[in-house]
Amino acid sequence: MKKLKAALFDLDGVVFDTEPQYTIFWGEQCREFHPEHPGLEIEIKGQTLTQIFDRWFSGELAYTQPIITKRLDAYEAQMDYVYVAGFERFVMELKAQGVKTAVVTSSNKPKMQSVYQYRPEFTTFFDEILTSEDFAESKPSPDCYLRGAARFGATPDECVVFEDSFNGLRSGRAAGMFVVGLTTSNQKERIKELSDVQIDDYKEFDFNKLIGLWQDI
């Protein structure tokens, strides 16, 4: 029987129920600087700030980058970092079963400092924390999750990915890992093709249920 070595978690919408707050922030920026592209704030979910800037706020809009960065820093410093329901219990259950845990996020280190300040217990949940500075290619590239697995000497078939955004789900898929999709950002029907199982939160999801689903693949 194969053994689960690592659980790799995205951050926003997976550990913290923050996606609605980011949708508000980026919706405001996109409506101000890209009024011709409604819904852009949904398209950029799961991308790093650098990736967003390079694709949507460069050239004639390059002047907006320091403006948006300053706004984002201030916004993240006052955000509510509320855990997705049941997460704390679930991640500690994984650790008790000997499963290594990591955050694999497109967020940068300055953002994480806000997280640590608001949630000082956060680091006790994870053996590794990988941010945008730790990988060369952003989601949907599999690079970040492959690097996460490498931190634990694990192969893709020994890992489980927890994601919510389309880019993140595609990243986990491309890495060849079992993907648990959370419906915190998108409806179940929309993420079904990109994930092996879909959950609303962790309240009724435990280690035994995860192992049962994972071993059937």
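The C-beta contact set for the range 1-22 (first residue free of Cβ contacts under 8 Å to residues at least 24 places away in the same chain, second residue buried (at least 24 other Cβ atoms within 10 Å of the Cβ) and among the charged types (D, E, K, R), distance under 7 angstrom, 6+ apart or interchain) comprises TYR22/ASP12.
Where helices (runs of 4 or more DSSP H) fall wholly inside the range 1-96, the ranges with 1 or more residues that are loosely packed, with under 14 Cβ neighbours inside 10 Å are 19-33, 49-56, 64-77, 87-96. Only strands (runs of 3 or more DSSP E) whose full extent lies in the range 99-200 are considered here, and the ones with at least 2 residues that are open to solvent by 10 Å² or more (accessible area, probe 1.4 Å) and either at pLDDT 95 or above or not hydrophobic (A, V, I, L, M, F, W, C) (or both) are 128-130, 197-199. Looking only at the range 201-212, residues that are part of a helix (DSSP H, G or I) and surrounded by fewer than 14 Cβ atoms within 10 Å (Cβ to Cβ) come to 3 in all. No other residue among GLU36, GLU41 is touching a Phe, Trp or Tyr at 6+ places or on another chain (Cβ under 6 Å) and farther than 22 Å from PHE122 by Cβ apart from GLU41.
The values are calculated or read from the model by the stated rules, or taken from the named source; none is laboratory data. Predicted, not measured: the structure shown is a model, and the values here were computed from it. Cβ atoms come from the backbone with ideal geometry, glycine included; neighbour counts cover every protein chain shown. Ligands, DNA and RNA are stripped out before the accessible areas are found, and what is left, the full protein with its side chains, is counted by its heavy atoms. Shrake-Rupley method; radii C 1.70, N 1.55, O 1.52, S 1.80 Å.
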